Amino acid sequence: MNINPTNRIPIEVARTFWRSDHSGLRPFVLICPERTSKNIGDFCVLMPGQEQVVLTKEMIVVRAAESAPFDQFYLMWALTLSIVREQWKRVVFMQTNREDVGKRYNEIRLPVPKSNDIATEVSESFRKYYSEAAKLREELAIYLDDEKDHHFFISGAEPELGP
């Protein structure tokens with residue numbers, strides 16, 4: 001996810017929107033704008049460390065349920081299938097002039113794996129890519145933290161500079 005550093009709000013304000021101390025978001029959820037964006041219908045992946053964001057009501061958060069026979073990486077894999085993307089576009093673009101998509105996303109049919117092992121196997125490329133990207137992101141953050149006097153990086157999580 002590409003966090004916009006110009007739209008930062010104090011944590012106290014974020015907590016009022018969340019009605020909690022935390023956003024409730026988890027790493028690797030998929031987020032998709034449903035209206036008021038040129039990216040309507042496109043997914044982005046919330047990477048580890050980006051969970052403390054405030055989303056507008058025009059955003060759809062998609063995650064695998066705890067009871068699902070698959071994980072988030074399988075869900076990413078399934079949502080990139082051409083037949084599923086066509087369904088997704090039909091649901092999202094039909095509702096672009098309304099407040100939300102409602103429950104029409106329940107009409108989308110995903111292939112359900114016969115076992116978690118099968119889900120893990122077919123989604124391995126997604127798991128590897130996003131897990132390794134998360135690890136590299138963490139390594140870069142550690143490096144930048146150690147070298148903070150020499151680098152500035154717009155990540156959405158820089159510490160505030162003192163007087």
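Considering the stretch 13-53, and only residues there that are within 24 Å of Y130 (Cα to Cα), modelled with pLDDT of 90 or more and over 9 Å from the mean Cα position of the chain (by Cα), the residue that is surrounded by the most Cβ atoms within 10 Å (Cβ to Cβ) turns out to be S23.
Taking into account only those residues within the stretch 99-110 that are modelled with pLDDT of 70 or more and not in a helix (DSSP H, G or I), which is least open to solvent (accessible area, probe 1.4 Å)? Give the derivation first.
Here is the first cut: in the stretch 99-110, the ones modelled with pLDDT of 70 or more are 103-110.
Restricting the remaining residues to those that are not in a helix (DSSP H, G or I) gives 103, 108-110.
On the way: K103: 142, I108: 21, R109: 156, L110: 58 Å².
It comes out as I108.
Determine whether D71 is open to solvent by 60 Å² or more (accessible area, probe 1.4 Å) and free of Cβ contacts under 8 Å to residues at least 60 places away in the same chain.
Details: open to solvent by 60 Å² or more (accessible area, probe 1.4 Å): no; free of Cβ contacts under 8 Å to residues at least 60 places away in the same chain: yes.
The answer is no for D71.
Condition check: at pLDDT below 60 and either more than 17 Å from Q72 (Cα to Cα) or not in a helix (DSSP H, G or I) (or both). Does P113 satisfy that? No; evaluated as a whole, the condition is false for this residue.
The values are calculated or read from the model by the stated rules, or taken from the named source; none is laboratory data. This is a predicted model, so every value here is computed, not measured. Cβ atoms come from the backbone with ideal geometry, glycine included; neighbour counts cover every protein chain shown. Remember, those area values only see protein heavy atoms, side chains included, never the ligands or the DNA or RNA. Shrake-Rupley method; radii C 1.70, N 1.55, O 1.52, S 1.80 Å.
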